[in-house]
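All remarks here apply to the structure that follows.
Derivation of every value follows stated rules applied to the coordinates shown; laboratory data play no part. Source: prediction; values computed, not measured. When we count neighbours, we look across all protein chains shown, and the Cβ atoms used for this are built from the backbone with ideal geometry, even at glycine.
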Ligand SMILES: [Zn+2]
């Protein structure tokens, strides 16, 4: 799919479908009025017949005949008021879905004017939304997709004037760049969705290494190192290896590095939890909770996929992506309740719950990251706790940090991308829940404050590096399609990681 930005008037477009966003009362919209006039009132009659009120995601399609070059015109509901970044992204997705329904090969889209007051951001978001709206994971459905005809070309028109016609030409350079940026971020997010949606049988630790190598091959600026179990043993990663011990598949720690052409401004390291299947181990999950546990590598999918976009867009920073990949299974060799594992930093950990495995893999990854990459900024992304979903619901990630400045700048990045994130406390009063009578710590606390004790466990391994932990157990996966988010893996956090790593 090619996405172009144009400065010509949208009503002059010869696309199969022209999509125009409307906010609030459609009868007050200048483009609605103009089209209605040209169609002798046919549009307003249809709007009232279909009760089109411009609610978010609603659409009203008219066929203008000879009045316009476009074969069909869709008015897309943008909601009662002009919206924010996420709203604009959803509009891009809704427009794409109408185009798919009408089997349009070319889609012209009028750039929505939003509350961001920044045309470039609007362009980025709408382009990202179009790409996300085109996402489908149907490779295992033998009958689905027959007759599907993807949109080939998308034109984004930035001119919304009515009456006076501007000169044809290319859109501003910065808008063009922003639209390209949106398309790149959208593609990386779709890649992360694919990784999450792929069954664990195929998306296993070795496969993640193959994907990382593929991204490194694509970009001169990216290199990759894959550590096998022997390598990790030499480094003393007893927690990570303990978790993977129950699986017949080998565990791998994957480390990708992006180096900018000029001297790096700072070093940023992004870790993703990569448990490619989580049965819970001997603290076995009930079947209903286990059925979706191929998604327990959504953090890994987000960081690995982000690297492709970071390298494409370029970053002033040295960027590291680290993921410790393994399966948490039950077998004669699996780690047991009551075992004591020795972490890479020497901490001894009593296992009181084998289903609290993510923090064990992350703890060693955090130690590795500090020793091998000396980051100025350290991040981890993990489908870590159900407790975080209980606290914040299914759309918002919990953000924990030991550093005010970094937490603020991270949340600013998430504001720009419109991904829902909320700061949570690392209340040290809860730390005594992790006291063990036989080791330095235990790996799980009580039920109350479970997202926080998981964060406190990780913080133990962080030492004095500035660090942000993002618990994305809620928004990593959704059961129903909504706007630019499709059923299944969402690719959550890719947009914010790329934004944070590439901002100047
Ligand atoms: Zn688990």
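Brief remarks on what is shown
- One Cα centroid belongs to segment 172-244, the other to segment 470-504; the line between them spans 15 Å.
- Considering only segment 2-161, percent of DSSP beta bridges that pair antiparallel, nearest 5: 15 percent
- Estimated purely from DSSP H runs of n ≥ 4, each contributing -39500 (n - 2.57), the mean residue ellipticity at 222 nm for the chain is -11000 deg cm²/dmol once divided by its residues.
- Model label sites at residue 408 and residue 219, defined 7 Å from Cα along the beta-carbon direction, differ in position by 2.9 nm.
- For segment 1-119, fraction of C-alpha pairs farther apart than 26 Å, in %: 11 percent
- Put in order of Cβ neighbour count within 10 Å, fewest first, the listed residues 243, 390 become 390, 243.
- Extension gain from residue 27 to residue 435, taking 0.36 nm per residue of separation minus the Cα-Cα distance: 140.4 nm
- Per residue convex hull volume, Cα atoms of the chain, in Å³: 149 Å³
- Label-to-label distance, residue 482 versus residue 352, with points set 7 angstrom from Cα along the beta-carbon direction: 3.4 nm.
- Residue exposure sequence - 157, 9, 191 - by fewest surrounding Cβ within 10 Å: 9, 191, 157
- Antiparallel bridge percentage (DSSP; both residues within the chain; nearest 5): 40 percent
- Hypothetical label at residue 172: residues of segment 105-124 whose amide nitrogen lies under 12 Å (7 Å Cα-Cβ projection): 117-123
- Here the gap between residue 138 and residue 288, fully extended at 0.36 nm per residue and compared with their Cα-Cα distance, gives a gain of 51.7 nm.
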